[in-house]
1. Out of Glu50, Glu8, I need the residue that is at pLDDT 95 or above, more than 13 Å from the chain's Cα centre (by Cα) and loosely packed, with under 13 Cβ neighbours inside 10 Å. Which one?
2. Select, from Glu8, Glu27, the only residue that is of a type in the set (D, E, K, R) and in a loop (DSSP other than H, G, I, E, B).
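The values are calculated or read from the model by the stated rules, or taken from the named source; none is laboratory data. Everything numeric in this text was worked out from a predicted model, so none of it was measured. All Cβ positions, even for glycine, are placed from backbone atoms using ideal geometry, and neighbour counts span all protein chains on display.
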Amino acid sequence: MRTKMTDEERKAWLAIRKEAGLKIDPETAEVDWIYAHTLDPYGVYPDLPEDCQQVGREYFARSPGGDVWVWFGDLPDATRDALWERHKSKLAFPAGLPLALLKCGHVSGGDHGSLREDRGRQRRASSGDPSGHATDSPHADRASLDAD
């Protein structure tokens with residue numbers, strides 16, 4: 001069962017992420033992506049209207065070993081651009097597929113599924129520690145919203 005945040009709690013929770021985003025060094029940051037609601041990448045709006053619940057790839061970064069994942073949309077432009085440049089082979093679609101394979105024609109456009117580990121399923125299966133401690137998933141950061 002999901003615990004509802006008050007508007008004040010949500011505002012504070014989101015402010016923590018924006019502040020953390022200002023401290024992320026693109027040279028050392030960890031990045032990852034998940035499928036999430038594009039209008040609520042953190043998943044903090046449980047009453048999102050159905051017509052606003054489209055899902056897409058959302059990208060997150062954190063300081064090495066940190067416990068706060070920050071959505072790319074909350075990062076300064078220069079940080080986000082540097083992270084994309086540095087980690088494009090991990091973040092670009094198809095996920096994790098070395099760009100060289102696509103450029104060399106070793107993989108056809110639609111035949112890459114066997115080369116990709118289903119990281120999304122694994123992330124969701126181990127999505128976090130309810131205590132809010134560091135985990136391996138951007139969504140695990142919001143595990144504190146889930147009640148037992």
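1. Of Glu50, Glu8, the one residue that is at pLDDT 95 or above, more than 13 Å from the chain's Cα centre (by Cα) and loosely packed, with under 13 Cβ neighbours inside 10 Å is Glu8.
2. Glu27
Here is a yes/no grid of residues against (1) modelled with pLDDT of 95 or more; (2) in a helix (DSSP H, G or I):
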site	(1), (2)
Val31	yes, no
Tyr42	yes, no
Pro64	yes, no
Thr79	yes, yes
Ala82	yes, yes
Ser89	no, yes
Phe93	no, no
